[in-house]
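Any read-out appearing in this document is the output of simple, stated calculations on the displayed coordinates, not a laboratory observation. If you're wondering where the values come from, they're calculated on a predicted model, not measured in any experiment. Ideal geometry is used to build each Cβ from the backbone, glycine not excepted, and the neighbour counts take in all protein chains shown.
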Amino acid sequence: MKFTIQRDYFITQLNDTLKAISPRTTLPILTGIKIDASDNKLVLTGSDSEVSIEITIPAEINHEEIVTIEEKGSIVLPGRFFVDIIKKLPAASVIIETNSQFQAKITSGQSEFNVSGLDPDQYPLLPQVSEQDSMTLPIKVLKNVIRQTNFAVSTSETRPVLTGVNWLIKDGELSCTATDSHRLALRRLKLENASVDNINAIIPGKALNELNKIINDDDETIEIFFAANQVLFKVGHINFISRLLEGNYPDTSRLFPESYETSLAIDNGDFFHAIDRASLLAREGGNNVIKLSADQNQVELSSTSPEIGTVKEDVATSRFEGQGLKISFNSKYMMDALRAIDNDEVSVEFFGTMRPFILKPKDDENVIQLILPIRTY
């Protein structure tokens, strides 16, 4: 194998491929990046057996030559070490040449590295995902869905299904739910370009996080394909495959009661910044707890740190219905929920002092954040 490639473009694609590689893998070959050179393209593959990323580099982009392939072939090179070499090379282009013993010679300007590679035939085959049933989403919408749900997944492995986001497709609507059992994020979306229905899949939060880092707004849409235990995201020259989590996601629909005891509308920014200030003492107290007291026209937030002192914040409400109440909550959860709501005005509904309360954009049921209160009163 022998090819010459633009170094800066190569670095970007290698960095994205590297996102699928884990140093903790049980298969040593998976710490490497597989490089396949064919007639008019270069294919990079990285995988940790949970997530696989396959990036195709075409010979030309917008009439600009990116890679010139002189000899076809393939090799697996040590991932992080190889990328570090390419980053530090002096010239604008890189020549990579391999022999039959899987030794790679990397040349750029006056620099020459010789790196031992591995037999690409030993590299595990990527999972095959049928591309029959698909749905297409605008990139901006997908990034928004991930931003509005992914933060609420569990970081504990005691219930593995909760480390993922439940994607439910039914009757032309996508519902994405994430919960760590202390809070819940729900995002609903009407689907326009979808040939899939009755899908119930749990996508690992870590995979969605990595996907979010790779995709950018330069590409307008992304295609999504579901298989029995895999999901494929296809955008531009990138194929991103993730294993789905096994198990049954808990039924969260019963967590949303019909009628509230107290409902209020409040300015998102004012509420967020007041919580942010009050949380300075809540964090010092070591528990992130903020007390909320609500009545006709005002919400009062307070927090106490025995070593430092107390804080009190008043925030005006634009609408108040029902009875006054006192409730306590985790400041971090509340700020995460408010960040996920794009509207300037937020509707907050309470169902009692010890029942979960919900936040949503004013006059919009498509984004719902649910938080479990903390018993302090």
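Observations
- Per-residue [θ]222 nm for the chain (sum of -39500 (n - 2.57) over DSSP H runs n ≥ 4, rounded to 500): -5500 deg cm²/dmol
- Per the Kirkwood formula applied to alpha carbons, the chain shows a radius of gyration over Rh ratio, Rg over Rh, of 1.08.
- Highest mobility in the GNM of the chain, judged by mean-square fluctuation with C-alpha springs under 10 Å and restricted to 62, 330, 212, is found for 62.
- Gain in span if fully extended, residue 18 to residue 126, counting 0.36 nm per residue against the direct Cα distance: 37.3 nm
- For region 74-148, GluC sites (Glu not before Pro) are listed when DSSP marks them as loop and at most 12 other Cβ atoms sit within 10 Å of their Cβ; the list is 131.
- Region 199-298: radius of gyration over Cα atoms, expressed as a fraction of 2.2 N^0.38 Å: 1.64
- Separation of the alpha carbons by more than 24 angstrom is noted, of 88/234; 34/88; 170/234; 140/291; 41/140, for 88/234; 140/291; 41/140.
- Modelled label positions at residue 7 and residue 113, each set 7 Å beyond Cα in the direction of Cβ, lie 1.1 nm from each other.
- Cα-based reach from residue 360 at 18 Å (exclusive), listing aspartates and glutamates while leaving out same-chain residues under 8 positions away: 258, 261, 267, 270, 321, 336, 342, 344, 345, 349
- Stretched out straight at 0.36 nm per residue, the stretch from residue 87 to residue 182 would grow longer than its current Cα-Cα span by 29.9 nm.
- The alpha carbon gyration tensor of region 134-219 gives principal lengths a ≥ b ≥ c with a/c of 1.5 or higher and a/b no greater than b/c, which makes the shape oblate.
- The GluC sites (Glu not before Pro) found in region 191-239 that occupy coil by DSSP, while having at most 13 further C-beta atoms within 10 Å, are 192, 220.
- Prolate is the label for region 228-365, because the ratio a/c of its alpha-carbon gyration tensor axes (a ≥ b ≥ c) is 1.5 or higher and a/b is greater than b/c.
- Computed label-point distance, nm, for sites residue 312 and residue 355 using a 7 Å Cα→Cβ extension: 3.0 nm
- Against the chain, whose longest principal axis comes from its Cα atoms, helix 139-149 is set at around 50 degrees.
- The distance between label points at residue 343 and residue 259 comes to 2.3 nm (points 7 Å beyond Cα on the Cα→Cβ vector).
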